[in-house]
Amino acid sequence: MRIIRALVVDDSAFVRKVMRQMLSRSPFIEVVGTARDGAEALTLVEQLKPDVVTLDLNMPGADGVTFLKAQMARQPLPVIVVTMAAKDGLQVVEALEAGAIDVIQKPTALATDKIVEISEELIAKVKAASATSLRPVSPVLASCAASLPARPPAKTDIVVIAVSTGGPQALKFLIPRLPGEFPVPIAIVLHMPVGYTALYAKSLNEASALDVVEASQGDELRPGRVLLAPAGHHLTFAKGQDGCAFAQLSLSPFDTPHRPSADVLFKSAADLFGERTLGIVLTGMGSDGTQGASWIKAKGGRILVEAEESCVVYGMPRSVVEAGLYDTCLPLGKMANALLESL
């Protein structure tokens, strides 16, 4: 494995020192510099050419979001936000939409050794971030086959989406391109730390003609509505005595790598809607969604996956493609039109 060059950005000298020490525990990471604010970070990125940047948000002068917007316009690179959830919630959502690929929550806002609690998570995410590919969204050709052998599509009653790393940007591109009169409900699992999904749903709703909300217990599934699973809870479906489908939130199952889990969402949709289920797997690390895709396919439903060319991380889609569980593979730039045509 090559040596990953990291730049640490934080206004606290203590945090910069500890972050350097934590990252230096890995033989594969070299901290090539530290910056006190966004302005200094822009200069150091140009000088040092880091592979990954860890970024605080709430800094005097040029803050983290200011840095992100300027850097992504100049030259995109993987940025991991390391900040306090309660304090910087709105800024975190803005940072993710501006191009940050992941978030780590500081255990405390104080300059104490408690910060070392994030050491393992920090190292793992810096390693993963170094392998990401940040590309502008465009309707390019897909690397996987455009589609598997065609079959007459069943009527679609629900669209379920799985997305992780790079997801906030991908959804901000896709969802606003769907019309307000979209004929079926949409449900989404986005891997995001607790405390941000409601804010992100609100931001996505403001940019879209659809009704986008963080899912609540008992929410009715209806055309034109998008339910975003709340961080920390699985999203599933049930039908009432009137035959209308509604959302259910649960902490179980407890043995999933993620909560919410795309596998849990996909399986529930397939159980309730059968062949009328359309699953979509977008950019993300890992394999969440693959088991769920197999369940949807077993029930006669269909699966669309994002092509490698437009993924920030070609992990979740790759897992589905390699398992042979997809019907169509295409870049994000073509996803909205393909989705509308499939309905």
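The values are calculated or read from the model by the stated rules, or taken from the named source; none is laboratory data. Computed from a predicted structure; not experimentally measured. Reconstructed Cβ throughout: ideal geometry from the backbone, glycine too, with neighbour counts over all protein chains shown.
Within region 309-332, which residues are modelled with pLDDT of 95 or more, of a type outside the set (A, V, I, L, M, F, W, C) and within 27 Å of ALA129 (Cβ to Cβ)?
Residues satisfying the conditions are PRO317, ARG318, SER319, GLU322, TYR326, PRO331.
Only one of ALA100, ALA95, ALA73, ALA85 is at pLDDT below 95, surrounded by fewer than 19 Cβ atoms within 10 Å (Cβ to Cβ), of a type in the set (A, V, I, L, M, F, W, C) and touching a strand residue (DSSP E or B) at 6+ places or on another chain (Cβ under 8 Å). Can you tell me which?
Answer to the selection: ALA85.
Go through (1) without any contact (Cβ under 8 Å) to a residue 40 or more places away in the chain; (2) of a type outside the set (Phe, Trp, Tyr); (3) crowded, with 23+ Cβ neighbours inside 10 Å; (4) under 21 Å from LEU90 (Cα atoms) for ASP63 and report which single condition fails.
With (1) without any contact (Cβ under 8 Å) to a residue 40 or more places away in the chain; (2) of a type outside the set (Phe, Trp, Tyr); (3) crowded, with 23+ Cβ neighbours inside 10 Å; (4) under 21 Å from LEU90 (Cα atoms) applied to ASP63, the lone miss is (3).
For LEU174, which of the numbered conditions (1) in contact (Cβ under 8 Å) with a residue 60 or more places away in the chain; (2) in contact with a strand residue (DSSP E or B) (Cβ under 8 Å, 6 or more places away or on another chain); (3) in a helix (DSSP H, G or I) fails to hold?
If we test LEU174 against (1) in contact (Cβ under 8 Å) with a residue 60 or more places away in the chain; (2) in contact with a strand residue (DSSP E or B) (Cβ under 8 Å, 6 or more places away or on another chain); (3) in a helix (DSSP H, G or I), just (2) comes out false.
Just the residues that are in contact with a helix residue (DSSP H, G or I) (Cβ under 8 Å, 6 or more places away or on another chain), surrounded by fewer than 24 Cβ atoms within 10 Å (Cβ to Cβ) and more than 23 Å from ALA98 (Cα to Cα), please, taken from region 305-325.
Within region 305-325, ARG318, SER319, ALA323, LEU325 qualify.
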